[in-house]
Amino acid sequence: MKVSGSWMAHPATQGVCAALVAAGYRALFVGGCVRNALLNVPVADVDIATDALPETVSTIAENAGYKVLPTGIDHGTVTVVAGGIAHEVTTFRRDVETDGRRAVVAFSTRIEEDAMRRDFTMNALYAEADGTVIDPLGGLPDLLARRLRFVGQAEARIREDYLRILRFFRFHAWYGDASEGIDPEGLAACAALSAGIETLSPERVGAEMRKLLAAPDPGPSLAAMAQAGVLARVLPGAEARAVPVLVHLEAARPPHWLRRLAVLGGEDPTDLWRLSRAESRDFGKVRDALHEDLSPAALGWKLGSLAEHVMLARAAMIGMAPPGGWEQEVARGQSAVFPVTAADLMPGLQGPALGARLKALEAQWLQSNLRATKETLLG
């Protein structure tokens with residue numbers, strides 16, 4: 001079997017591979033680029049595995065006129081920038097020691113050892129520069145069946161890096177066959193070792209959960225996470241039951257992780273997932289608006305584009321479709337202008353009294369579904 005695609009046919013990418021091969025080393029595409037190409041989904045990153053040591057890779061690339069960045073040289077990775085494309089080139093490795101968060105590695109010349117340290121069988125696939133697939137661990141049948149399985153013993157892989165628990169559910173959401181269910185051995189291992197999640201940094205947890213929630217349908221994975229006790233570890237108090245309803249209501253709309261997060265409920269994820277200031281602000285607005293009695297138009301005026309999140313999340317949480325015409329109403333609100341200005345209340349009101357009166361009139365206007373005129377409000 002062969003993979004193909006514009007990503008691997010690019011002259012710069014072929015040039016990087018050719019430079020390594022000309023120097024007597026192997027250059028194999030590996031991981032996500034091979035997996036995605038075989039599934040006919042877009043390839044975002046180009047990873048190359050080689051038996052050349054990092055310093056050798058750097059010398060070969062520089063002699064070929066490419067820019068080299070030592071992005072992870074201690075772990076065998078250098079980034080070779082060619083034709084404006086960043087190629088992560090990593091030396092074959094085997095784990096020497098792990099503590100659940102990071103690994104001490106030794107370089108290897110054997111592809112089998114490199115494959116054994118990877119997380120899932122569908123990620124342990126390689127391809128030559130001409131696209132010929134190399135499958136050291138028999139992962140190709142798993143990939144074609146969209147069956148997510150850990151490499152070797154699931155518990156052993158998880159103990160090497162507890163983030164693999166979250167990756168298990170994330171990859172199932174993106175690449176697994178929901179109709180076949182989740183791998184029982186993997187699920188049992190995730191449940192047994194879920195306490196290890198608490199050793200992970202909030203940044204790593206948040207990054208994985210954003211990706212999981214952005215999947216086309218994260219519902220089955222989130223339900224399995226809840227069953228295994230993992231969801232409670234990453235977001236205490238969260239419940240996944242409204243997510244499938246939300247996915248149904250979203251129809252052809254692009255998925256958005258923040259909207260899915262809003263219906264999970266539970267504790268504030270700002271610190272748990274290390275949300276950015278902007279993400280925390282937007283999430284807070286959506287979460288608060290879920291419990292406010294505001295019309296679609298009022299939400300559109302108050303929240304702008306976030307109003308769509310609120311309308312869909314609110315409907316999912318009560319298990320009903322949003323009211324007819326809600327999108328037009330949100331748009332009406334987004335273009336509306338509050339009819340009263342501070343000048344309309346001056347000089348009779350000044351300072352705090354002026355602010356309080358404007359706020360009260362704004363609330364009145366929102367409750368009128370943005371229909372009240374200046375004359376009515378100042379009446």
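The values are calculated or read from the model by the stated rules, or taken from the named source; none is laboratory data. The structure presented is a predicted model; accordingly, all values stated were derived computationally and were not measured. Using ideal geometry, Cβ is built from the backbone for each residue, glycine included, and neighbour counts are taken over all protein chains shown.
Of GLU185, GLU198, all but one fail to be acidic (Asp, Glu) and either under 20 Å from ASP95 (Cα atoms) or within 22 Å of the chain's Cα centre (by Cα) (or both); the exception is GLU198. Comparison of ASP130, ASP142 shows that the only residue that is acidic (Asp, Glu) and in a helix (DSSP H, G or I) is ASP142. Within this structure, THR13 passes the test of being touching a residue at least 24 places away in the same chain (Cβ under 8 Å) and of a type in the set (S, T, N, Q). It is to be established whether one or more residues within the stretch 46-60 are buried (at least 18 other Cβ atoms within 10 Å of the Cβ), without any contact (Cβ under 8 Å) to a residue 24 or more places away in the chain and in a helix (DSSP H, G or I). Scanning the stretch 46-60, I find at least one residue that is buried (at least 18 other Cβ atoms within 10 Å of the Cβ), without any contact (Cβ under 8 Å) to a residue 24 or more places away in the chain and in a helix (DSSP H, G or I), so the answer is yes.
The single condition from (1) assigned to a loop (DSSP other than H, G, I, E, B); (2) surrounded by 17 or more Cβ atoms within 10 Å (Cβ to Cβ) that ALA173 fails is (1). When restricted to residues that are under 28 Å from HIS248 (Cα atoms), assigned to a loop (DSSP other than H, G, I, E, B) and in contact with an Asp or Glu (Cβ under 9 Å, 6 or more places away or on another chain), the stretch 320-357 contains 1. Does the stretch 319-333 contain any residue that is within 22 Å of GLU239 (Cβ to Cβ) and either among the β-branched types (Val, Ile, Thr) or surrounded by 15 or more Cβ atoms within 10 Å (Cβ to Cβ) (or both)? Yes: one or more hits.
Any idea which of ARG159, ARG167 is surrounded by fewer than 18 Cβ atoms within 10 Å (Cβ to Cβ) and assigned by TED's automatic domain parsing to the domain that holds ALA215? Reasoning before the result, please.
Values: ARG167 fails: surrounded by fewer than 18 Cβ atoms within 10 Å (Cβ to Cβ).
Checking each option against the conditions leaves just ARG159.
In summary, ALA363 fulfils each of the numbered conditions (1) touching a residue at least 24 places away in the same chain (Cβ under 8 Å); (2) outside any loop (DSSP other than H, G, I, E, B); (3) surrounded by fewer than 18 Cβ atoms within 10 Å (Cβ to Cβ) with the single exception of condition (1). Under 9 Å between Cβ atoms, which residue pairs at least 6 apart in sequence (or on different chains) link something in the stretch 275-290 that is under 20 Å from LYS211 (Cβ atoms) and at pLDDT 95 or above with a partner that is crowded, with 17+ Cβ neighbours inside 10 Å and of a type in the set (S, T, N, Q)? So the pair list comes out as GLU279/THR270; SER280/THR270; PHE283/THR270.
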